[in-house]
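Visitor: Below: one structure in structure tokens.
The values are calculated or read from the model by the stated rules, or taken from the named source; none is laboratory data. Note that the structure is predicted; figures quoted are calculated from it, not measured. Ideal geometry is used to build each Cβ from the backbone, glycine not excepted, and the neighbour counts take in all protein chains shown.
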Amino acid sequence: TQLLEQSPQFLSIQEGENLTVYCNSSSVFSSLQWYRQEPGEGPVLLVTVVTGGEVKKLKRLTFQFGDARKDSSLHITAAQPGDTGLYLCAVHFDTNAGKSTFGDGTTLTVKP
Amino acid sequence: NAGVMQNPRHLVRRRGQEARLRCSPMKGHSHVYWYRQLPEEGLKFMVYLQKENIIDESGMPKERFSAEFPKEGPSILRIQQVVRGDSAAYFCASSTYSGTLREQFFGPGTRLTVL
């Protein structure tokens, strides 16, 4: 069974603080996506990483793909209330597989 | 151009009725995926379809659930004889075939409530 774990499950911080959330797998995966989901809406794609060791930045968000291709992290600098939401990672374990395996997500609350 | 479209957004059914959920992929996308999400959980894969073909249905319950993606028209997820445990948000995603990237873009979901 290929497992995908996200941590922490819940995170509540004050506006302006930094945070990091993690996504870890028991197996090597071929690509990983990070999504953000707001209540009542579908997940919105933030980034895709495919190369071990890859780092991508999207404004205040920094995404890192582990060298061993089994883990990833999302770091947010100077969090804002608008960052509040459910952050999901999704992976493909097999380059021929269509489906994505999702973690259970990190629920982030940023208080003003 | 609209993204992935799903309808209805909300659906209420009584136990034993049928639920039909529709999904129109993004323009140019020929791959459709259905996922189910329970409150405060991640998305669980159900089925992956291309036009007129089911590619992977490993996440579909063996009974009462079926999916199709006809040559013309939207993809349909059908749940027969619904039970309370079917209450959840059902999301559709679409993609082009793009090798290892295979980025999936999601619709707004259909929230099914079974009374």
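Visitor: Got a sec? Which of A:L11, A:L46, A:L4 is closer than 30 Å to B:P8 by Cβ and within 14 Å of chain B (Cβ to nearest Cβ)?
Guide: Numbers: A:L11 fails: closer than 30 Å to B:P8 by Cβ; A:L4 fails: closer than 30 Å to B:P8 by Cβ.
Every option except A:L46 fails the conditions.
Visitor: If we keep just the residues of segment A:15-34 that are in a loop (DSSP other than H, G, I, E, B) and not hydrophobic (A, V, I, L, M, F, W, C), which is nearest to A:F65 (Cα to Cα)? Please lay out each step first, then the result.
Guide: Taking segment A:15-34 as the starting set, the residues that turn out to be in a loop (DSSP other than H, G, I, E, B) are A:15-18, A:26-30.
From what is left, the residues that are not hydrophobic (A, V, I, L, M, F, W, C) are A:15-18, A:26-27, A:30.
Working: A:E15: 26, A:G16: 25, A:E17: 23, A:N18: 19, A:S26: 15, A:S27: 14, A:S30: 11 Å.
In this case the residue turns out to be A:S30.
Visitor: Another question, then. Please find, within segment B:49-65, the residue that is farthest from B:E103 (Cα to Cα) out of those that are loosely packed, with under 15 Cβ neighbours inside 10 Å and more than 14 Å from every other protein chain (Cβ to nearest Cβ).
Guide: The extreme case among them is B:E63.
Visitor: Of all residues in segment A:70-90, which are farther than 18 Å from A:E17 by Cβ, away from chain B (no Cβ under 11 Å) and surrounded by 21 or more Cβ atoms within 10 Å (Cβ to Cβ)?
Guide: Going residue by residue through segment A:70-90, those that are farther than 18 Å from A:E17 by Cβ are A:70-72, A:86, A:88-90.
Remaining after also requiring away from chain B (no Cβ under 11 Å): A:70-72.
Once the filter is applied, which keeps residues that are farther than 18 Å from A:E17 by Cβ, away from chain B (no Cβ under 11 Å) and surrounded by 21 or more Cβ atoms within 10 Å (Cβ to Cβ), segment A:70-90 yields only A:S72.
Visitor: Among B:V82, B:V47, which is the only one that is touching a residue at least 12 places away in the same chain (Cβ under 8 Å), part of a strand (DSSP E or B) and among the β-branched types (V, I, T)?
Guide: Numbers: B:V82 fails: part of a strand (DSSP E or B).
One residue alone meets the criteria, B:V47.
Visitor: I need the full set of residues from segment B:8-48 which are surrounded by fewer than 20 Cβ atoms within 10 Å (Cβ to Cβ), within 13 Å of chain A (Cβ to nearest Cβ) and at pLDDT 95 or above, in order please.
Guide: B:R9, B:H10
Visitor: Also: Would you mind finding the one in B:F105, B:F69 that is at the interface with chain A (Cβ under 7 Å from one of its Cβ atoms) and hydrophobic (A, V, I, L, M, F, W, C)? First the steps, then the outcome.
Guide: Details: B:F69 fails: at the interface with chain A (Cβ under 7 Å from one of its Cβ atoms).
One residue alone meets the criteria, B:F105.
Visitor: I'd like to check something: does segment A:49-56 contain any residue that is under 29 Å from B:G109 (Cα atoms) and either more than 12 Å from chain B (Cβ to nearest Cβ) or at pLDDT 95 or above (or both)? Write out each step before concluding.
Guide: Taking segment A:49-56 and keeping what is under 29 Å from B:G109 (Cα atoms), we get A:49-50, A:56.
Filter once more, so that each one left must be either more than 12 Å from chain B (Cβ to nearest Cβ) or at pLDDT 95 or above (or both): A:56.
There is at least one residue in segment A:49-56 that is under 29 Å from B:G109 (Cα atoms) and either more than 12 Å from chain B (Cβ to nearest Cβ) or at pLDDT 95 or above (or both).
Visitor: I need the full set of residues from segment B:50-79 which are free of Cβ contacts under 8 Å to residues at least 24 places away in the same chain and within 11 Å of the chain's Cα centre (by Cα), in order please.
Guide: Across segment B:50-79, the qualifying residues are B:M60, B:F65, B:S66, B:E68.
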